[in-house]
């Protein structure tokens, strides 16, 4: 068994695609029309045939409630691992990304949390 797809709910797929590709550096893998929305995935350039991240549209009212509750509680929707959290967070801040938690050592890892502009907080992790 493998994980090949995971998702993050976004309030605007076009804005999410721009943020996740132009700011985070992911690569668009699939964009297939699906009614009012799209099946829209991105992948890491470090593993383009690995796990895809689905930029899931918020079309289900309970999903909106859940996303808002996570955000308001300061809980990240997902985590991305990076090799150098200081360098990556600095690069992202230079591009205008807002961090709610600057790089902070937490035992064996260092974490940082940023706003993805699409309704989510995302955590960076360096081991």
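How many residues are more than 12 Å from the chain's Cα centre (by Cα) and in contact (Cβ under 8 Å) with a residue 24 or more places away in the chain when one looks only at segment 1-12?
Result for segment 1-12: 5.
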Any idea which residue in segment 82-122 is nearest to residue 59 (Cα to Cα), counting only those that are surrounded by 17 or more Cβ atoms within 10 Å (Cβ to Cβ) and out of contact with any helix residue (DSSP H, G or I) (no Cβ under 9 Å at 6 or more places or on another chain)? 122
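Select, from 86, 67, 123, the only residue that is touching a residue at least 12 places away in the same chain (Cβ under 8 Å), touching a strand residue (DSSP E or B) at 6+ places or on another chain (Cβ under 8 Å) and in a strand (DSSP E or B).
Just a single option satisfies the conditions, and that option is 123.
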Quick check: anything in segment 74-81 outside any loop (DSSP other than H, G, I, E, B), over 13 Å from the mean Cα position of the chain (by Cα) and at negative phi? no
Is one or more of the residues making up segment 43-61 over 15 Å from residue 5 (Cβ atoms), in contact with a strand residue (DSSP E or B) (Cβ under 9 Å, 6 or more places away or on another chain), surrounded by fewer than 17 Cβ atoms within 10 Å (Cβ to Cβ) and in contact (Cβ under 8 Å) with a residue 24 or more places away in the chain? no
What pairs can you find where one residue is in segment 91-111 and on the phi > 0 side of the Ramachandran plot, the other is in a helix (DSSP H, G or I) and at pLDDT 95 or above, and their Cβ atoms are less than 9 Å apart, with a gap of 6+ or different chains? 96/23
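The values are calculated or read from the model by the stated rules, or taken from the named source; none is laboratory data. Note that the coordinates shown come from a computational prediction; the quantities given were computed from them, not determined experimentally. Using ideal geometry, Cβ is built from the backbone for each residue, glycine included, and neighbour counts are taken over all protein chains shown.
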